[in-house]
1. Got at least one residue in the range 245-261 being of a type in the set (Val, Ile, Thr), buried (at least 23 other Cβ atoms within 10 Å of the Cβ) and in contact (Cβ under 8 Å) with a residue 40 or more places away in the chain?
2. For the structure I just gave you, tell me whether residue 156 is touching a residue at least 12 places away in the same chain (Cβ under 8 Å), assigned to a helix (DSSP H, G or I) and out of contact with any Leu (no Cβ under 9 Å at 6 or more places or on another chain).
3. For the subset of the range 281-295 comprising residues that are assigned to a loop (DSSP other than H, G, I, E, B) and of a type in the set (A, V, I, L, M), which member is farthest from residue 333 (Cα to Cα)?
4. Out of (1) surrounded by 14 or more Cβ atoms within 10 Å (Cβ to Cβ); (2) on the phi < 0 side of the Ramachandran plot, the odd one out for residue 96 is which?
5. It is to be established whether one or more residues within the range 65-73 are in contact with a Ser or Thr (Cβ under 8 Å, 6 or more places away or on another chain) and in a strand (DSSP E or B).
6. Would you say residue 110 is at pLDDT 95 or above, more than 10 Å from residue 57 (Cα to Cα) and either not in a strand (DSSP E or B) or not hydrophobic (A, V, I, L, M, F, W, C) (or both)?
7. Condition first: under 16 Å from residue 252 (Cα atoms), under 24 Å from the mean Cα position of the chain (by Cα), not β-branched (Val, Ile, Thr) and not in a helix (DSSP H, G or I). Can you find one or more residues in the range 296-315 that meet it?
8. Kindly provide the set of residues from the range 124-161 that are surrounded by 15 or more Cβ atoms within 10 Å (Cβ to Cβ), polar (S, T, N, Q) and in contact with an Asp or Glu (Cβ under 8 Å, 6 or more places away or on another chain), ordered by number.
Amino acid sequence: MHGIIVSSVLALVAFGAPSGSPQPQSEVPIRVVSNSHEVRYPDEVVFTLEAEATSRIVEVALYYRLARQSVKVYGYPNFTPSTRVSTDFRLKTGGASYLPTGLDIEYYYRIVDELGNSLETRRYSLEYSDPGYLWQELRQGGLVLLWHDLPEERVREVAANVGRRLEDVKNVLGLVTAPPMKAVILNNRREADRGLPTVSEAATRGHLYGGFAFRDYDLFVLLGLSEDGIVHEATHLMVNEAVDSPLARVPDWLNEGLATYFESSGQRGEPALARAVRDGDLLSLPAMNSVPGRPEDVRVFYAQSRSVVSYLIDTYGPQRMTSLIRTLNGGSRIGAAVNEVYGVSLGELEDRWREDVIGSTTLTPRPDAGTIATTALIAGAIATAFVVWIYRWLTHRAGPSAPGNQVS
């Protein structure tokens, strides 16, 4: 699933190199005594600074940048003005201020004294992750895998296979090169409960989502070392790279449909789709711009999204899908883009897909035991009636029996 991005910001400004040229230590009126940070996963990161100056320090600002974003955020730590100060700043990372594990954070300070002298410190960096584990890093092309306590040989095998499979994704999306991406692998449900964002209580109870992609950070977090899971979430980031115009909007059915289409086990959603066909619970395509909230609807949504995308690619070819992505990136809404690329309205496309799906023998639901029993009774009754009819027909044809005549 492509996840939500939530952060607590105070202000945003361009993130550049420190201003001014370095001065000799003896001429510097402000000096950093110590600097440190502590990751208190999954709740916060605490930044601590000690600085001294020949005049009273009256302002300290902490600037930080998340991942490769071109903007920085700043906040003001609390301290008492003095010639020597100690400050701490708490960056919230949990709850409503959720930040994903594996996120790279770069930061520095700007310190000002009462005479107007200022100092911008050098850049510091940290990787926000659970310090209770010894994390390892593996690079496969532009993909970085962050993992712990797994056999390295297995991680390398999965990464190599994923690298080959993402070539197909890149070609269908019309990308020349894939964007740099980071994947964080969580090993179990306990880690996932701490490391994944909370969508809803129902989703958490039902373990509905096993991964989230954070497009603003080129990062995704995944439960388990799964080739399909990595391909799924990486596809979300690659769709975001292919459709990068601020005017563009990719509906969730297309985004999730593409992500599940490239899974090798994507057909596992067919039972949910078959039930929806049988019960008349298929969703309306124009209403599938966003993932629904109810768990039962979510399962149908994913299965239906994959089926629609599979129908488009299998029926019209991957080149048309590439054209659809480019048309969306040009600013067209999904209805206009579908009409331009496929020559039908969104409603007509849905009708064609429904005819294809409902007529597919692979989606014919298997009858349950009660249906089988009912069918057997009806078949038995029909067979009995047929035998009786044949007997009566033969009797009528032979006429009444005469003495000495034997009807066999």
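The values are calculated or read from the model by the stated rules, or taken from the named source; none is laboratory data. Source: prediction; values computed, not measured. When we count neighbours, we look across all protein chains shown, and the Cβ atoms used for this are built from the backbone with ideal geometry, even at glycine. With ligands, DNA and RNA removed, areas are computed over all heavy atoms of the protein, side chains included. Shrake-Rupley method; radii C 1.70, N 1.55, O 1.52, S 1.80 Å.
1. At the first step, the residues of the range 245-261 found to be of a type in the set (Val, Ile, Thr) are 250, 260.
Now restrict to residues that are buried (at least 23 other Cβ atoms within 10 Å of the Cβ): 260.
Next, only the ones that are in contact (Cβ under 8 Å) with a residue 40 or more places away in the chain stay: 260.
Yes: one or more hits.
2. On the way: touching a residue at least 12 places away in the same chain (Cβ under 8 Å): yes; assigned to a helix (DSSP H, G or I): yes; out of contact with any Leu (no Cβ under 9 Å at 6 or more places or on another chain): no.
Criteria not met by residue 156.
3. For the range 281-295, the residue satisfying everything is 282.
4. Every listed condition holds for residue 96 apart from (1).
5. Our first condition is that a residue be in contact with a Ser or Thr (Cβ under 8 Å, 6 or more places away or on another chain); within the range 65-73, this holds for 66, 73.
If we keep only those that are in a strand (DSSP E or B) as well, we get 66, 73.
Yes; the residues of the range 65-73 include at least one that is in contact with a Ser or Thr (Cβ under 8 Å, 6 or more places away or on another chain) and in a strand (DSSP E or B).
6. Numbers: at pLDDT 95 or above: yes; more than 10 Å from residue 57 (Cα to Cα): yes; either not in a strand (DSSP E or B) or not hydrophobic (A, V, I, L, M, F, W, C) (or both): yes.
Against the criterion (at pLDDT 95 or above, more than 10 Å from residue 57 (Cα to Cα) and either not in a strand (DSSP E or B) or not hydrophobic (A, V, I, L, M, F, W, C) (or both)), residue 110 qualifies.
7. Restricting attention to the range 296-315, the residues satisfying the condition of being under 16 Å from residue 252 (Cα atoms) are 297-310, 312.
Narrowing the set further to residues that are under 24 Å from the mean Cα position of the chain (by Cα) leaves 297-310, 312.
Going one step further and asking which of them are not β-branched (Val, Ile, Thr), we end up with 297, 299, 301-307, 310, 312.
If we keep only those that are not in a helix (DSSP H, G or I) as well, we get none.
No; the residues of the range 296-315 include none that is under 16 Å from residue 252 (Cα atoms), under 24 Å from the mean Cα position of the chain (by Cα), not β-branched (Val, Ile, Thr) and not in a helix (DSSP H, G or I).
8. Across the range 124-161, the qualifying residue is only 161.
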